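The values are calculated or read from the model by the stated rules, or taken from the named source; none is laboratory data. Keep in mind the model is a prediction, meaning the values are calculated, not measured. Glycine gets a Cβ as well: all are built from the backbone with ideal geometry, and neighbour counts include every protein chain shown. What goes into the accessible areas is simple: the full protein's heavy atoms, side chains included, and nothing from ligands, DNA or RNA. Shrake-Rupley method; radii C 1.70, N 1.55, O 1.52, S 1.80 Å.
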Amino acid sequence: MDSAGDTSLLLSLEDVTPVHEENAQGRSPFLLSCDHYGRLIPRALGDLGLEASELTRHIAWDIGIAEVAEALSNHLGAHLVAQRYSRLVIDCNRPPGAPASIPRISEATVIPGNEGLSREAAEARRRAIFDPYHRRIREIIDQRLSDAVPTVLVSLHSFTPVYAGIARPWHIGTLYHRDPKLPPLLLKWLRAEPDLVVGDNEPYAVSDETDYTIPVHGEARGLMNSGIEIRQDLIADQSGQQQWAERLARIFSEIELALRAQGALLA
Ligand SMILES: [Zn+2]
């Protein structure tokens, strides 16, 4: 695989397109994005030099979130746009060029296929995977704004229960930076659930240096927005995924009503 990463046409006809969508005609104000939905690797990149067991771990994708995102999209009638390729190929929630964009090491795992990558090979990953995904999100938002469809961006993620040896107590966290409207409502409704430990910008906060989707598609476009992180052990199986999708659908429906009552969803 030494020169395979240098191809300018990274995806072949046997590779699927990077962008996955559900409920594109949905009428919900919530636009769902899922940057770490999939763990595919373009055929030209082989296995990136990793064991199969590494490619199913949280370093490759956000475990459980794909099913939660799809079920939530169906419950709400909300347009979901998702990225099918692994964050180890190129992380679609990192600014291109940032060290974590194409990680050489993820947690304690060295990614051999990302070592010594040429500028051209990095560019090829961006053009094949990162660019089409973000171009599509931009187009969807452009269309909604031009059709005067109220739009609230919600970016869905999951986090590993133990990171670098430390157990994380939260069941779910909100991630935000500049939006003053949606995050407080989301925190209020999540905290009203008696069984939940809710993180406020935990286990991560959003920043321009470490994130892409929220700063670029949410904040820069003036949309209400928040990220959500769900702990992976809670959504590791179908029953957990369905329960969390139902819970979030109920909460987002309440939030939609609250926003409408505030006049915040007027076109
Ligand atoms: Zn993620």
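How large is ³J(HN,Hα), in whole Hz, for each residue of the range 88-98 in order, when computed from phi with the Karplus curve 6.51 cos²θ - 1.76 cosθ + 1.60 and θ = phi - 60°, using x for Gly and Pro?
6, 6, 7, 7, 7, 10, 10, x, x, x, 5
By how many nm would the segment from Glu123 to Glu21 lengthen if fully extended, with 0.36 nm per residue of separation less the alpha-carbon distance? Working shown, then result.
Details: separation 102, 0.36 × 102 = 36.72 nm, distance 2.45 nm.
Extra length from Glu123 to Glu21 when fully extended: 34.3 nm.
Run the numbers on the range 114-267 and let me know its relative contact order in percent, using alpha-carbon pairs under 8 Å that are six or more apart. Don't skip to the end; give the middle numbers.
Numbers: 171 pairs, mean separation 44.7, N = 154.
Relative contact order here is 29 percent.
Please compute the modelled spin-label separation between Asp147 and Ser253, points set 7 Å along Cα→Cβ, answer in nm with one decimal.
Modelled inter-label distance: 2.3 nm.
So, how do all the Cα-to-Cα distances of the chain break down into 5 Å bins, in percent, from 0 on up?
1, 6, 13, 18, 20, 17, 12, 8, 4, 2, 0, 0
For the range 197-267, just say rounded, prolate or oblate: build the C-alpha gyration tensor, square-root its eigenvalues into a ≥ b ≥ c, call rounded for a/c under 1.5, and beyond that prolate if a/b exceeds b/c, oblate if not. Walk me through the numbers on the way to the answer.
Details: a/c = 2.39, a/b = 1.17, b/c = 2.04.
Since a/c reaches 1.5 but b/c is at least a/b, the shape of the range 197-267 is classed as oblate.
Could you grab the relative contact order for the range 137-212? Cα pairs under 8 Å, six or more apart, rounded to a whole percent. Please report the intermediate quantities before stating the final value.
Numbers: 59 pairs, mean separation 21.7, N = 76.
Result for the range 137-212 is 29 percent.
Could you tell me which residue out of Asn225, His20, Leu248 lies farthest along the dipole of the chain toward its positive end? Charges go on the beta carbon: Lys and Arg +1, Asp and Glu -1, centred on the Cα centre.
Result: Asn225, furthest along the dipole toward the positive end.
Between the range 137-155 and the range 195-238, what is the C-alpha centre distance in whole Å?
Result: 19 Å between the Cα centres.
Keeping every protein chain present and rolling a 1.4 Å probe, give me the accessible area per residue for the range 88-171 in Å².
Details: 3780 Å² over 84 residues.
Each residue of the range 88-171 exposes 45 Å² on average to a 1.4 Å probe.
What are the ³J(HN,Hα) values, in whole Hz, obtained from phi via the Karplus relation 6.51 cos²θ - 1.76 cosθ + 1.60 with θ = phi - 60°, for each residue of the range 49-56 in sequence order, with x given for Gly and Pro?
x, 10, 5, 4, 5, 6, 7, 10
Order these peptides, 130-136, 142-148, by their mean beta-carbon neighbour count within 10 angstrom, highest first.
Details: 130-136: 19.0, 142-148: 11.6.
Ranking, from highest mean packing down: 130-136, 142-148.
Which of Tyr85, Leu186, Ala148 sits closest to the plus end of the dipole of the chain, meaning its Cα is farthest towards the positive end, when Lys and Arg get +1 and Asp and Glu get -1 on the C-beta?
Ala148
Given a cut-off of under 8 Å on Cα pairs at least six residues apart, what relative contact order in percent is computed for the chain? Write down the numbers at each step before the final one.
Values: 487 pairs, mean separation 63.9, N = 267.
24 percent.
List the residues, sorted by chain then number, that are 5 or more residues from Val152 or on another chain and whose placed amide H is less than 5 Å from its amide H.
Amide H neighbours of Val152, under 5 Å, 5+ apart: Phe30, Leu31.
Using the Karplus equation 6.51 cos²θ - 1.76 cosθ + 1.60 (θ = phi - 60°), what ³J(HN,Hα) coupling, rounded to whole Hz, does each residue of the range 40-47 give in order, writing x for Gly and Pro?
Using θ = phi - 60°, the values come out as 5, 10, x, 3, 5, 9, x, 10 Hz.
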